[in-house]
Amino acid sequence: MPRTLLRSLAGVLLLGAAILVLMQIGRLAPHHTHIHAISTTARARTAAFTDRFSDGTPDFLRLTDPADQAAFRRWFALIADEQALRPASQIPTEITDCASLLRYSYREALKRHDDSWFLSTGIEVDALPGEIRVWHYPDTPLGAQLFRVQPGSFEPADLTNGSFAQFADAKTLVQRNAFLVSRDVRAAQPGDLLFYRQFGQSSPWHSMIVAAVGTQARVVYHTGPDHGRPGELRRVLLAELLDHPEPQWRPVASNPNFLGVYRWNILRGAE
């Protein structure tokens with residue numbers, strides 16, 4: 001066999017061996033950022049790109065395990081409740097109105113609650129509410145784009161066409177990310193939402209979070225900016241809200257401004 005051909009064959013064999021070594025290293029490499037991105041993309045390709053309720057929320061985001069549903073409800077209500085108990089100087093600066101309280105509490109409830117999370121949020125709990133096991137924000141095929149902002153059922157193209165975003169106002173949250181449970185407030189569970197539409201206001205859509213039910217049922221909400229003032233977080237017993245001096249804020253079916261009790265789409269099917 002000619003010497004030149006032998007050298008060529010040897011080069012090919014060495015190249016093949018190098019490729020195999022690199023592939024093996026890749027399989028054994030730790031989960032750095034680039035590998036994490038690849039794994040997330042792989043999950044996106046194999047996720048169930050379905051939307052069984054045609055509400056725009058992909059089924060791979062829904063919390064179908066009752067334990068996950070319960071953990072989300074407890075964290076969501078607890079996180080919102082905690083903000084209302086804090087001095088104004090300690091409330092996250094992003095919370096400036098009712099919708100931002102929902103976004104913050106929703107996102108933080110879906111995170112992994114490890115030591116670094118408690119350190120960064122300053123939240124303290126007497127007993128851990130349990131952890132969501134199926135996924136944690138932002139480790140989803142949607143990444144950080146958590147909220148549906150465009151109409152329509154979910155389609156695979158929605159992963160990249162701007163149908164999801166990190167920001168959504170109160171109107172978008174109720175119309176694209178939650179569903180009506182009842183106009184009877186007695187149907188509410190912790191973690192559910194009360195929505196209002198106050199006609200004639202510059203910001204007509206308003207929301208409240210149901211933090212507790214039963215004899216001490218209460219809601220948490222942000223008033224939003226008012227005539228140049230920044231507004232404030234409030235923690236109010238449901239009984240007081242039902243007897244609100246301004247009838248348009250009473251959560252009763254006879255009040256046309258009360259849209260009803262809503263539930264996050266990721267909990268749909270659990271009711």
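The values are calculated or read from the model by the stated rules, or taken from the named source; none is laboratory data. Keep in mind that this is a model prediction, so the values were computed, not measured. In this analysis, Cβ positions are derived from the backbone assuming ideal geometry, glycine residues included, and neighbour counts consider all displayed protein chains. Note: areas computed on protein heavy atoms with side chains; ligands, DNA, RNA excluded. Shrake-Rupley method; radii C 1.70, N 1.55, O 1.52, S 1.80 Å.
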**Complete:** Taking the range 162-208 and keeping only residues that are more than 23 Å from Leu142 (Cβ to Cβ), outside any loop (DSSP other than H, G, I, E, B) and touching a residue at least 12 places away in the same chain (Cβ under 8 Å), one is left with Leu180, Val181, Ser182, Val185, Ala187, Leu194, Phe195, Tyr196, Arg197, Trp205, His206, Met208
**Message:** With more than 29 Å from Ser202 (Cα to Cα) and modelled with pLDDT under 95 as the only criterion, which of Glu124, Glu131 stands out?
**Reply:** Glu124
**Prompt:** If you go through the range 51-72 one residue at a time, do you hit one that is surrounded by fewer than 17 Cβ atoms within 10 Å (Cβ to Cβ), under 14 Å from the mean Cα position of the chain (by Cα) and not in a helix (DSSP H, G or I)?
**Reply:** no
**Fill in**
Restricting attention to the range 80-90, the residues that are closer than 13 Å to Tyr221 by Cβ and not charged (D, E, K, R) number exactly 3
**Asked** If you scan the range 93-106, which residues turn out to be open to solvent by less than 60 Å² (accessible area, probe 1.4 Å) and either without any contact (Cβ under 8 Å) to a residue 24 or more places away in the chain or touching a Pro at 6+ places or on another chain (Cβ under 8 Å) (or both)?
**Response** Asp97, Tyr104
**Asked** Going through the range 180-198 one residue at a time, which ones are open to solvent by 20 Å² or more (accessible area, probe 1.4 Å) and within 22 Å of Leu146 (Cα to Cα)?
**Response** Leu180, Val181, Pro190
**Request:** Return yes when Ala109 is of a type outside the set (Lys, Arg), surrounded by fewer than 21 Cβ atoms within 10 Å (Cβ to Cβ), farther than 20 Å from Arg229 by Cα and at pLDDT 95 or above and no when it is not.
**Result:** no
**Prompt:** Does Thr40 count as under 21 Å from the mean Cα position of the chain (by Cα) and modelled with pLDDT under 85?
**Reply:** yes
**Complete:** Screening Phe147, Phe118 for residues that are open to solvent by less than 10 Å² (accessible area, probe 1.4 Å) and either among the aromatic types (Phe, Trp, Tyr) or at pLDDT below 95 (or both) leaves only Phe147
**Asked** Only one of (1) assigned to a helix (DSSP H, G or I); (2) modelled with pLDDT under 95; (3) open to solvent by 30 Å² or more (accessible area, probe 1.4 Å) fails for Leu78. Which number is that?
**Response** (2)
**Prompt:** Condition test on Ala84, is it open to solvent by 30 Å² or more (accessible area, probe 1.4 Å), in a helix (DSSP H, G or I) and either touching a strand residue (DSSP E or B) at 6+ places or on another chain (Cβ under 9 Å) or over 25 Å from His206 (Cα atoms) (or both)?
**Reply:** no
